[in-house]
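**Student:** Please read through the structure below; I'll follow up with questions.
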Amino acid sequence: MKLKKRNCFILVIIIIVLVIGGLSLFKRKEIVKIEEDAPTLKAFKESSYYQEKYQEAYKEITFRDNPKFLEITNQLLDKNYQAQEINQIFTYLSDRNIENLLTIDYVSLENYYEIKNLDVLKIKEYEEYQKEHNVSLADAVTRVNIHLNEEFYTNIEEVDNPDSLTVLVNKFHSLPSDYEPTDLVNVGQYSYQMREEAALELEKLMAYGSTQNVYLIPFSTYRSYDYQEGLYDKYLTIDPLDVVDTYSARAGHSEHQTGLAVDLRSSVLNDNVTDEDYEWLLNNSYLYGFIVRYPKGKSDITGYMEEPWHLRYIGVEHATKVHELDITYDEYYDLYLEKH
Ligand SMILES: [Zn+2]
């Protein structure tokens, strides 16, 4: 009995020794493995950027095939970003955002990695806007990006793509005063002119509507800069400026100057579109590449009172997405068409 117990005891000791030995061997192997698998550390050691104090961080940073990788990594480490943050930065941020990040003090990006229209230079503005308006961070980012934290008609940028079917024209983006589309044609039998693609698709939209008891005709399409200026000035003789701004665009800021916008009216009533027409347009105009540009309930974003009659042509692909996402074109442009 005694002998058996002692043997058992010895056996247990042997097992413990073996396990500990095996573990430490395994551990040593692991360490060696990390050293071997640390291409970032290796790359630093082979370069003139190596800094002893960052040795441990280098091991945890995923190597990137980017000519500025070592330089940027050191700069981020200098700004106190942790290795894991640096990995996220390289994974999620655009080159432009990374470049801008190097020009500012450390900011926590934890809540921003998934926000693809992030502009790191605006992080303070995003946070202020979110506090003031009680919206999600993603919405705050988009709203600040489209300048809703500023007064309308301030910091106006002239667009550099006036001929693009997706050009964004609003109270912060203007067309050159001499811009005129070169491919204006009549919309079907009407003397109203739009850019060719938009005119053809509008004809199809109106024809489709008439098969569904929605009878619409154009009553305003392309308007030149000068015409818009006259129109706006005429309204100013009727209403004060802040009121006029809710229903008429200043010259250079009207989508009608693009040749891609149309105001529709009901041909049956010979009057404004009805609520039914508006509903139909909301649910069908995208099929032919149009969106209702100033929908109900979005005045705070578009800067215009609802205009159920005003359609804008942007092509089927984008119109379908705007329809599905149920957002304004101002937001859509920032989320999907702007380069961040
Ligand atoms: Zn209009």
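**Student:** What is the dipole size for the chain, taken about its Cα centre, with +1 at each Lys and Arg Cβ and -1 at each Asp and Glu Cβ, in debye to the nearest 20?
**Tutor:** The dipole of the chain has a size of about 3200 debye.
**Student:** Let me ask something else. With only Lys, Arg, Asp and Glu charged, each at its Cβ (+1 for the first two, -1 for the last two), find how big the charge dipole of the stretch 157-337 is about the Cα centre; round to the nearest 20 debye.
**Tutor:** 380 debye
**Student:** To two decimal places, what compactness ratio does the stretch 38-104 give when its Cα radius of gyration is scaled by 2.2 N^0.38 Å?
**Tutor:** Relative to the rule-of-thumb radius for its length, the stretch 38-104 sits at 1.00.
**Student:** Among the listed pairs K68/K116; K53/K122; K122/K339, give every one whose C-alpha distance is greater than 24 Å.
**Tutor:** Over 24 Å apart, Cα to Cα: K53/K122.
**Student:** Right, another one. Given Cβ point charges of +1 (Lys, Arg) and -1 (Asp, Glu) and nothing else, what value in debye, to the nearest 20, does the dipole of the stretch 38-104 about its Cα centre take?
**Tutor:** Dipole magnitude for the stretch 38-104 comes out near 40 debye.
**Student:** Hey, in the GNM for the chain with a 10 angstrom Cα cutoff, which one of G303, G188, G289 fluctuates hardest?
**Tutor:** Fluctuation is largest for G188.
**Student:** In terms of the Cα gyration tensor, with a ≥ b ≥ c the square roots of its eigenvalues, is the stretch 273-330 rounded because a/c is under 1.5, prolate because a/b exceeds b/c, or oblate?
**Tutor:** oblate
**Student:** Something else: Per the 1.4 Å probe, what fraction of the accessible area of the chain, in percent, lies on carbon and sulfur atoms?
**Tutor:** That share works out to 51 percent.
**Student:** Measure nothing but the geometry: give the 0 to 90° angle between the long axis through the Cα atoms of 275-284 and the longest principal axis through the Cα atoms of the chain, rounded to 10°.
**Tutor:** That helix lies at roughly 50 degrees to the long axis.
**Student:** Same structure again: Relative contact order for the chain using alpha-carbon pairs under 8 Å, separation at least 6, rounded to a whole percent?
**Tutor:** Once normalised by length, the contact order is 12 percent.
**Student:** Sorted by accessible area (1.4 Å probe), largest first, how do L236, L118 line up?
**Tutor:** Descending accessible area places them as L236, L118.
**Student:** Now, a different point. Give me the mean projected area, in nm² to one decimal, of the convex hull enclosing the Cα positions of the stretch 157-337.
**Tutor:** 9.9 nm²
**Student:** Express in Å², to the nearest 10, the accessible area of M305 obtained by rolling a 1.4 Å probe over the protein heavy atoms while all chains stay in place.
**Tutor:** 80 Å²
**Student:** Picking from Q130, Q82, Q212, which is most flexible by a Gaussian network model of the chain using Cα springs under 10 Å?
**Tutor:** Top of the fluctuation ranking is Q212.
**Student:** Scattering from the C-alpha atoms of the stretch 223-320 alone, worked out with Debye: what is log10 I(q)/I(0) at q = 0.12, 0.15 1/Å?
**Tutor:** For the stretch 223-320 at q = 0.12, 0.15 Å⁻¹, log10 I(q)/I(0) is -0.42, -0.65.
**Student:** Cross-link candidates for K234: which aspartates and glutamates have Cα within less than 17 Å, leaving aside residues fewer than 8 places away along the same chain?
**Tutor:** Leaving aside aspartates and glutamates fewer than 8 places away in the same chain, those within reach of K234 are D226, D242, D245.
**Student:** When only DSSP loop residues count, what trypsin sites (Lys or Arg not before Pro) in the stretch 296-340 have their Cβ near at most 11 other Cβ atoms within 10 Å?
**Tutor:** Within the stretch 296-340, the qualifying trypsin sites (Lys or Arg not before Pro) (loop, at most 11 other Cβ atoms within 10 Å) are K339.
**Student:** Out of N284, H318, V169, whose Cα points farthest toward the positive end of the dipole of the chain (charges: +1 Lys, Arg; -1 Asp, Glu; placed on Cβ)?
**Tutor:** Working it through, the farthest residue towards the positive pole turns out to be H318.
**Student:** How do L200, L77 rank by accessible surface area computed with a 1.4 Å probe, from largest to smallest?
**Tutor:** Heavy-atom accessible area, descending, gives L200, L77.
**Student:** Using the Cα atoms of the chain to build a convex hull, what is its mean projected area in square nanometres? Mind showing how you got there, number by number?
**Tutor:** Numbers: hull surface 118.9 nm².
Mean orientational projected area (the chain, Cα hull): 29.7 nm².
The values are calculated or read from the model by the stated rules, or taken from the named source; none is laboratory data. None of the values given here were measured: they were computed from a predicted structure. Positions of Cβ are backbone-derived with ideal geometry, glycine not excepted, and every protein chain shown enters the neighbour counts. All accessible areas refer to the heavy atoms of the entire protein, side chains included, with ligands and DNA or RNA removed. Shrake-Rupley method; radii C 1.70, N 1.55, O 1.52, S 1.80 Å.
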